[in-house]
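Every read-out reported here was derived from the displayed coordinates using simple, explicitly stated rules and does not represent laboratory data. What you are looking at is a predicted structure, and each value in this text was computed from that prediction instead of being measured. So basically every Cβ, Gly included, is an ideal-geometry build from the backbone, and we count neighbours across all protein chains shown.
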Amino acid sequence: MPDNAEVDNYEIYITRSTEFNAFTINDGTIFVNIACLAQLSSEAELAFLMAHEYAHYQLEHGKRSFVKKFENKKRKTSLKELQQLNAFSQKNEMASDNLAMVMGTNAGYDARAMDLLIQKLIFLQKKQVLQFSESYNSQLLYPTSHPVGEERLLQIKSIAPVNDRGSLYIIGEDEFNKVKRLAEYEFLKLLDEDFDLHEAISFPLKKFMYIRNYQ
C-alpha cells in the first residue's frame with residue numbers, strides 16, 4: 001500500500017515462537033512468529049500474510065472481539081455461547097482473507113500465493129490433530145476461532161482473480177531469500193534453546209530485514 005502513509009507508522013515484530021502463526025492487536029501492531037517467516041516460500045506469501053493481519057485492524061476485529069469477550073466475562077459462558085463466539089471469530093478470519101486478497105492482488109502479487117498460504121495452514125492443522133488422534137475428520141474438530149482449512153481454501157479459490165496473475169516478487173527475490181535464510185537460521189537455533197516467554201518478542205521486523213547484516 002505505497003500511498004498509505006499510516007502503514008509506515010505501524011509497529012511490526014517478529015516473535016521467538018516455533019508455532020506457524022501471526023496476529024495483530026487493537027492498535028494495529030502486528031506480530032509474526034519466526035517459525036512462520038522461516039516457512040514462507042515467496043515474497044507474495046509474506047505480503048498476503050501481512051495483508052490478512054492488517055485487514056483485522058482495518059475491520060476492527062480486535063475491538064469487537066474484546067467487547068464480546070468482556071460481555072461473556074460478566075457471566076459463566078455456556079457451550080452455545082462459546083460456539084457463537086468462535087463462529088464470530090471464524091467470520092472475522094474469512095472477512096480478513098477477503099480483504100487481504102483484494103489488497104494483495106491490487107499491489108500486484110500473484111493470488112496463487114494466498115492459495116499456497118492457506119494450504120500450509122491446512123497441512124499444519126491436520127498435523128496438529130494427528131498428533132492426538134489416529135485419523136483426521138474435520139467434522140469432529142472442536143469449534144475453534146479459526147475456520148477449518150478447507151472452508152478457507154474454497155473461499156480463496158472463489159474470489160481469486162481469473163487469468164490475471166501477478167508476481168511472486170515485487171521488492172525482489174534476492175531480498176526475500178536473504179530474510180528467509182536468516183529466519184530459518186534463527187528458527188532452527190530457537191528449536192535448540194530454552195527461552196523465557198516474557199522475552200518472546202525479540203526484534204522489530206524492520207531492524208531484522210534492513211539493519212541486521214546477514215553473512
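Okay, here's what the table says:
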{"quantity": "Over 26 Å between alpha carbons, listed pairs Lys126/Lys178; Lys120/Lys157; Lys91/Lys189", "calculated": "Lys126/Lys178; Lys91/Lys189"}
{"quantity": "Principal semi-axes in Å for segment 6-47 [√(5λ), Cα gyration tensor, largest first]", "calculated": "19, 13, 7"}
{"quantity": "For Arg112, Arg181, order by how many other beta-carbon atoms lie within 10 Å, fewest first", "calculated": "Arg181, Arg112"}
{"quantity": "Burial order of peptide ranges 154-162, 33-41 (average beta-carbon count within 10 Å, highest first)", "calculated": "33-41, 154-162"}
{"quantity": "Exposure proxy order (Cβ contacts within 10 Å, fewest to most) of Met50, Met94", "calculated": "Met94, Met50"}
